[in-house]
Amino acid sequence: MTVLDPVSWAIILMLIGCGLVVLEVFLPSGGVLSMCAALAILASLVMAFRRDMTTGLTFLVINLVAVPAAVTLAFKVWPLTPMGKSFLGELPTAREMTPTDPRRALVGRVGVAKSKMLPAGSVLVDGQYHDAVSQGEAIDQDQPVVVMEVRGNRMVVRAADAEEASQLTPDLRDVLDKPLDELGPLADLDLESFDDPLR
């Protein structure tokens, strides 16, 4: 039987130490595996320094890189294992973590500028008012606009051309701009028949 030289023992003990560190991540043992890993790595350094100073310093540098790399790799792999999934639950996808802005659905829709936009103002799109900024040109009040993008808390709009303006339906007008007879059942109310509570 051949006896291993100190460098071989240093390599074996270093691998055992890194393996125990990784195992501690997967099987928490309350520090028992970490203590064994530390002893194995320390023994690896002792065996390397028994050979000579250069070998010992080389193993010291390798251990300073290998142990943190092994721990980092273990923590990257652990959530993908069955035990990691049961402990952490299903990790959210990048799409689930991206905040959704319901106004993004309005991109490409036609609306109406409700104030003069030089370049900021207010627009009415799908019956709702939104703060908006024009793409550089001034937009007059009641001019049709197209939503180009949503940037931060504002929409970016541009003036609609004739074809896009034809997509604007009459019901997008402001409720206050409608005549009283278009307001439905409220138009038939006789307001004089109600008693004034202040009298």
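The values are calculated or read from the model by the stated rules, or taken from the named source; none is laboratory data. Owing to the predicted nature of the structure, the values given are computational and were not obtained by experimental measurement. Note that we place each Cβ from the backbone using ideal geometry, even for glycine, and neighbour counts take in every protein chain shown.
I'm checking my understanding of the structure. Among residues of the range 51-72 that are in contact (Cβ under 8 Å) with a residue 40 or more places away in the chain and more than 19 Å from Ala38 (Cβ to Cβ), which one is nearest to the chain's Cα centre (by Cα)?
Among those residues, the one meeting the criterion is Thr55.
Every residue in the range 145-155 that is surrounded by 17 or more Cβ atoms within 10 Å (Cβ to Cβ) and touching a strand residue (DSSP E or B) at 6+ places or on another chain (Cβ under 6 Å), please.
Selection gives Val145, Val146, Val147, Met155.
When only residues in the range 29-65 that are more than 14 Å from Ile16 (Cβ to Cβ) and of a type in the set (Ser, Thr, Tyr) count, which is surrounded by the fewest Cβ atoms within 10 Å (Cβ to Cβ)?
Only one residue fits best here, namely Thr54.
Identify, by number, the condition in (1) modelled with pLDDT under 90; (2) more than 30 Å from Pro144 (Cα to Cα); (3) surrounded by fewer than 17 Cβ atoms within 10 Å (Cβ to Cβ) that Pro102 doesn't meet.
(2)
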